[in-house]
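Quick note: the coordinates plus some simple rules give every number you see, no bench work behind them. Worth saying up front: this structure is predicted, and the values here are computed from it rather than measured. Backbone-built Cβ (ideal geometry, glycine too); neighbour counts: all protein chains shown.
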Amino acid sequence: MTPPDAPGAAAGPRTDRPRRLRTGTGGRRGVPLPLLLPGVLALAFLLLPLLALLVRAPWRSLPGQLTGPEVWQALQLSLVSATAATAVSVVLGVPLAWLLARTRFPGRGFVRALVTLPLVLPPVVGGVALLLALGRNGVIGRWLDSWFGITLPFTTAGVVVAEAFVAMPFLVISVEGTLRAADPRYEEAAATLGASRFTAFRRVTLPLIAPGIAAGAVLAWARALGEFGATITFAGNFPGRTQTMPLAVYLALQNDPEAAVSLSLVLLAVSITVLAGLRDRWMTPS
Amino acid sequence: MTRSVRRTRRRWQLTGAGAAALMALAACSSSTDSPGASGTTASPKLSGTVTVFAAASLKESFTTLGEKFEQDHPGTKVSFNFGGSDSLAASITAGAPADVFAAASPKTMALVTDRKDTAGTPATFVRNQLQIATVPGNPHKVSSLKDLTRSGLKVVLCDRTVPCGAAAQKALDAGRLKLTPVSYEQDVKGALTKVELKEADAAVVYRTDVKAAGDKVDGVEFPESAGAINDYPIALLKNARNGEAAEAFIALVRSAEGQRVLSRAGFLKP
Amino acid sequence: MTNSAESARNLPAPPTAHPHGPGGLHARLVVDRPGFRLDVTLAAAPGEVLALLGPNGAGKTTALRALAGLTPLTDGHLRLDGASLEHTPPESRPVGVVFQDYLLFPHLSALDNVAFGPRCRGAGKAEARALAAAWLERMGLAPQADTKPRRLSGGQAQRVALARALATRPRLLLLDEPLAALDARTRLEVRARLRRHLAEFEAVSVLVTHDPLDAMVLADRLVVVERGRVVQEGTPADIARRPRTDYIARLVGLNLYRGLAAGHTVRLDDGPAITTTEELSGPVFVAFPPSAVTLFRNRPAGASARNLWRCEVAGLQTHGDQIRADLTGELPLAADLTTLAAAELDLRPGAPVWATVKATQTHAYPA
C-alpha cells in the first residue's frame, strides 16, 4: 500500500494555520477615512482617561501608599474572589449557554433576555435583589441560614456571589454565541459514534468552544474584578473579608484621592498583566 | 469648560498638599458662626432660579422648604442637587453652577471654603446626632453603645472616611469601646439599608436617618453621641448667579420656620 | 458523461442483491417537511453497497440522516438485521457515518478520532486506542496517527473518517458524498481505495452521491431519487443502459426519448419516429449515445430517410477531446464529434445540420 495522498500532494482547500494578525486590506488599499477617524477617536476616548490617571499619578508617594497591608489585602481578596466568581460562572454558565443554544423550550427567547438582565440592572439594585434572595431574611437565604447555618452577606462568599451575579451574563452570552457559531454536526457525528448528548458535549463540544469559554471567562473575570455596587450592597465592606479593590478605591476617594489613584493603578496594572497573559495563552488558535 | 479644566488642575496640585492640612483648615472654618445670611425676609423683588447643592440627608426637609420659598416668592424656583457632601463639594470646586451649598459636615464645607469658593463664612444651621438603629422591636435588647460590642451581634458602621463613620468612631473612642462591625458601609443609607433588610442587627446612623426610615427600624439614643455631634454648615457661593434669592433661601433655612421643618426631620438646633 | 456509462459497462457483474432476505437493511423512510416529502423504500443485503443517486435537493441526505437517526421519521419503518431501529436514538444504532466534510473532531488526533467510537461504546482507553491504531494501519495511515485533522490531506482525512465510522463495527455504513470534498486528482485514487474497503465490509453500505461515476464505481446497486421519490433502481450497468428519466439519461450521457413502439418503429410523444432494432409494442424508451450520431452539413445523398433529422446547432462545448453539439429541431439531441469533424462541418451556433443515427446503435426498452 503506497499512500497516494501525502500531505501537500493534495491541493485541497485546507488552509494553513491561520495567522494571528491579518491585515484585511493587504496594505495596498488605504483605510477609509469615515472608518479611520471615528475609530481613532474611539481609541483616544477609551485611552485618554487611563492616560490621565498615569500622568497625574502621585508617582513619588506611590511606593509608600502601596506598601500598606490593606492594599495587598484588598488586592488579594479582589483576585481570589474574581477568580472564584469566574469559576462559578463557568461551572454554571456554560451549561446554561448550552441549554440556550442547543435546546428548544417554550419561552427560550424570554429566558435569554432574563439572563442578560444583570447587565442592565444597576449593580446596587442587583445587590439589594441578592439580599432579598440570599440575605439572612431572604427568600432562600432564610433557609440557608436555618438549615445549614450559612449566611452570605458580609462574607467573602458573599463577595463571590455578588461578583458572579454581575459577571455570569458576560460568560453566558459569550459562550452561547460561540456555541451558535460552532457546527452542531460535530455533535451529530459524535452521536453516530455512540456518544450520548452529554458525552458529545464533554468530549467534542467543550473542546471546540474552549476559546469562547476562555474569552467569556476573561470578560467575566474582568467584570468581577471591577465589581463595586452589588458587592458593597450585598457583602458590605470589611477590610480583608469583603473589601475588594474597587471598594477600597471608592472609599479612599472620599478623603484621599491620591491614594485612590494609586490603588486604581495597581488594579489597572494587575488586570492588564493578567488579561494580556491569558490572551496569549488561551485565546490564540492553537 | 476651560474654567473647570483649570480648576481641576489646581485641585490636583492642591491634593499634593496632603489631607492633614485640609483637615486642620476644616476644623478652623467650621467653628465660626457667620451673621452673613441674617434678616431681610421681606425683600420684595426676588425672581429666577436658586440652585442649591445639599447633603442627601437634607432631601425631605429642604424640598419642603423649597416649596415654601417658591410660595413666598412667586416667580422664583428652587432647584436642588442632593448628593454626598464630598462629591457635591468636588463638583462645586470644579465649577458646577450653584448658589448655595449645604453640607453634612464642616470638613466637606472646608473643601469649598479652602478654594475660596464661598461668599462669606459658612453658618451652622442644624446639627445631627448619632443614634443606634436596630431592627424593629429591638429583639437583641440593644440599649447602649456598649451593647453593640456583644459578640454574635451583627453591627454595621459607616466607613471612617465618610462623616457618619467618623462620628461613630469618635463616639466609640469617647466610650473607650472597641467594636468590630461586619461591614464599613460607604454611606449612611447603605448602613441603614442593611438593618432595614434585617441583614444586620444594628447600625450607628443619624437620628434623621432613623426618623426617615419610619417603622422599618427602631432608634436607640446613647450618651456617647453627645460627643460626636455633626454640624451642618450652609453657605452662599461666590459664583452665585442669583445671590439675593440665594441669601433669602439661606435665611429661610435658618429662620424659626425653617428650623421647625428641620427638627421635624430629626435635626437638632445649632 | 459518456465515460461513466462506458466504465459502468466495463464493470464486472455485481453480486446479486437479496433485498428480501432476513439480514440486511429494510426501510421505508418517510420524512415530511414544509414543502417537501421524502418517501423512499430501501433494501440491501449484508455486504451490498447501495448508492442513492440524485440531483441536489432530491432528499438523499435526508434519507441518510433518517437512517442514522439524526432526522426523525414521520412514517415508515427501519429494520436492520431484523431489529427495528425507528425509535432507537442515533448513539444506540449500529450505524457508522462518513460525513460529507468528514467532521473529524479538530481537537483530536487521527488516532483519537478513530478511538472515539470504541470509547463511547464501552472500550477501555488502551483497548480503544489499540483498535484505532489497527484501523489506521489498515487504512495505510499508521504514520498519521498523531496528526491533527487540520494537517491531514483530503484523502487522508477521508480514510480517517472511514476508519472512525468502521471502528464501531457498524451493521450499516452510511457515506454522504464521500468523494465530494476531494479534488479531481486525489479523487481517482481515493475512489479506488474506497471501493476496496467497501468490498471488504461485510454489512450494508449506503452511500449518497450526485456523481454517477462515484455511484457506478462504488455501488452494487443504484437507487435514483428525484424530488423525494425513487425513480429507478437497478445495477449500475442496467441503469446506464436503460435510463428512465431525463436526469439519469443526462447523468449517463445518453439521448433519451419516450414514445409508442409498433414493431421496429417508435413514434415519439412529441416528435418524429425512430427506427430501432428491437421489436416492441406499447410505451417504450429509446436511448442512444451522442457518439452514435453522425452530422452532415447537407442532406446526405443516398442515405435512407430513416433516423435522419433536420436540426440546428444550439450550442457547442468541448467534452474531453471531443466536441459536444447540442441540437434543436426535429429531434433535440446531443451529438459528439471530433474537433476535426466539427471544423470541417463548420459548426457554429445557428448552423443547420442533418443528424443521423444507425438503428443498430439505438436501444429501445419498455417504459
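Work through the residues other than A:R203 whose Cβ is under 11 Å from its Cβ and net out their charges, Lys, Arg +1 and Asp, Glu -1. The answer is 0. Take each peptide in A:139-146, A:238-245, C:326-333, count the other Cβ atoms within 10 Å of every residue, and average; sorted highest first, the result is A:238-245, C:326-333, A:139-146. Taking Cα atoms, how many degrees apart are the long axis of helix A:156-181 and the longest axis of chain A, rounded to 10 and kept between 0 and 90? Taking the Cα atoms of chain A, the angle to A:156-181 is about 20 degrees. Placing a pseudo-label 7 Å from each Cα along the Cα-to-Cβ vector at A:V139 and A:R104 gives an inter-label distance of 3.0 nm.
For chain A, what is the relative contact order in percent, using Cα pairs closer than 8 Å and at least 6 residues apart in sequence? Computed over chain A, the figure is 27 percent.
With the simple spin-label model, which puts each label point 7 Å out from Cα in the Cβ direction, the C:T328 to C:R169 separation comes to 6.2 nm. Label separation (A:V55 vs A:V31): 2.2 nm, computed from points 7 Å beyond Cα along the C-beta direction.
Estimated from helices alone, the mean residue ellipticity of chain C at 222 nm is -8000 deg cm²/dmol (sum of -39500 (n - 2.57) over DSSP H runs with n ≥ 4, per residue). Contact order normalised by length for chain C, with contacts defined as Cα pairs under 8 Å and 6 or more residues apart; what percent is it? Relative contact order, chain C: 17 percent.
Charge tally around C:L78: other residues with Cβ under 13 Å, Lys/Arg +1 each, Asp/Glu -1 each, net +2. By DSSP, the beta bridges lying fully in the range B:130-228 are antiparallel in about 60 percent of cases.
Report the calculated FRET efficiency for C:A343 and C:E137 (r = Cβ-Cβ distance, R0 = 45 Å), to the nearest 0.05.
It comes out at approximately 0.25.
When each of B:F62, A:F198 is scored by the number of other beta-carbon atoms lying within 10 Å, the sequence from fewest to most is A:F198, B:F62. Per residue of C:98-105, other chain Cβ atoms within 10 Å of the residue Cβ number 4 on average.
If only the Cβ of Lys and Arg carry +1 and only the Cβ of Asp and Glu carry -1, the dipole of chain C around its Cα centre is close to 600 debye. If the segment from B:E221 to B:K269 were pulled out straight at 0.36 nm per residue, it would be longer than the present Cα-Cα gap by 15.6 nm. Quick one: Cα centre-to-centre distance for the range A:210-237 and the range B:46-106, in angstrom? Each part's Cα centre sits 37 Å from the other's. Peptide A:94-105 has a mean of 0 when you count, residue by residue, the C-beta atoms of other protein chains within 10 Å of its C-beta. Sorting the segments A:55-68, B:229-242 by their residues' average number of neighbouring beta-carbon atoms within 10 angstrom, most packed first, yields B:229-242, A:55-68. By the beta-carbon count within 10 Å of each Cβ, the least crowded to most crowded order of B:K198, B:K45, fewest first, is B:K45, B:K198.
Among A:S81, A:S196, the order by Cβ neighbours within 10 angstrom, fewest to most, reads A:S196, A:S81. For the residues of B:182-195, the average number of beta carbons from a partner chain within 10 Å of their own beta carbon is 5.
What's the ranking of C:102-112, C:212-222 by average number of surrounding C-beta atoms within 10 Å, highest first?
On the way: C:102-112: 21.5, C:212-222: 24.6.
Going by the mean number of other Cβ atoms within 10 Å, highest first, we get C:212-222, C:102-112.
Bridge orientation summary for the protein assembly as shown: considering DSSP beta bridges with both residues in this region, about 70 percent are antiparallel.
Please compute the contact order of the range B:130-228 in relative form: average sequence separation of alpha-carbon pairs under 8 Å and at least six residues apart, divided by the residue count, as a percent.
47 percent
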